[in-house]
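The values are calculated or read from the model by the stated rules, or taken from the named source; none is laboratory data. Only a predicted model underlies this, so the values are computations on that prediction, with no experimental measurement involved. Every residue, glycine among them, receives a Cβ derived from its backbone with ideal geometry; neighbour counts consider all protein chains shown. Heads up: the accessible areas ignore ligands, DNA and RNA and are worked out on the full protein's heavy atoms, side chains in. Shrake-Rupley method; radii C 1.70, N 1.55, O 1.52, S 1.80 Å.
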Amino acid sequence: MTLSAIIACLWVIASAVVAFLPMKNQYFPGIMLLIAAPLIIVWLGYDYGWWLALIGLFGFVSMFRNPLIYIYRRLRGENPEVPK
């Protein structure tokens with residue numbers, strides 16, 4: 001198993017742990033995971049091929065769909081509601 005696969009597995013475990021935190025405590029680690037994910041996906045794609053990177057991208061978008069929708073709406077100039 002390559003280092004990129006080990007890092008990707010640790011990222012999945014870390015994101016599952018962050019999901020168990022209360023919402024107010026999820027922001028900082030969630031942003032760090034959100035930033036790290038594309039880098040890890042590209043690294044996996046480099047090591048294993050574009051098809052695995054595409055599967056990783058689908059999983060990433062599925063897990064982070066709400067933050068990505070929020071960022072998209074903010075970039076469009078809307079003022080989306082943040083969960084409490």
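Surface composition of segment 3-84: carbon and sulfur atoms hold 73% of the protein heavy-atom accessible area at a 1.4 Å probe. Taking the 0 to 90 degree range and rounding to the nearest ten, how far is the long axis of helix 23-48 tilted relative to the main principal axis of the chain, both from C-alpha atoms? Between helix and principal axis, roughly 30 degrees.
Shown is the FRET efficiency for ASN66 and TYR46, computed with R0 = 25 Å from the Cβ-Cβ distance and rounded to the nearest 0.05: 0.30. Label positions at ARG74 and LEU54, each projected 7 Å from the Cα along the C-beta direction, are separated by 3.1 nm. Surface exposure of segment 1-57, expressed per residue as accessible area with a 1.4 Å probe, stands at 70 Å². Of ASN25, ILE41, LEU52, which is farthest towards the positive pole of the chain's charge dipole, taken about the Cα centre with +1 and -1 on the beta-carbons of Lys, Arg and Asp, Glu respectively? Result: ASN25. How far is helix 3-19 tilted off the main Cα axis of the chain, in degrees rounded to 10, range 0 to 90? In the chain, helix 3-19 runs at an angle near 30 degrees to the longest axis.
Cα centroids of segment 3-25 and segment 38-82: 15 Å apart.
Computed from label points 7 Å out along Cα-Cβ, the spacing between PHE28 and ILE6 is 2.7 nm. Shape of the chain from the C-alpha gyration tensor: oblate (a/c of 1.5 or more and a/b not above b/c, with a ≥ b ≥ c the square roots of its eigenvalues). Computed from Cα positions, the angle between helix 65-75 and the longest principal axis of the chain comes to roughly 60 degrees.
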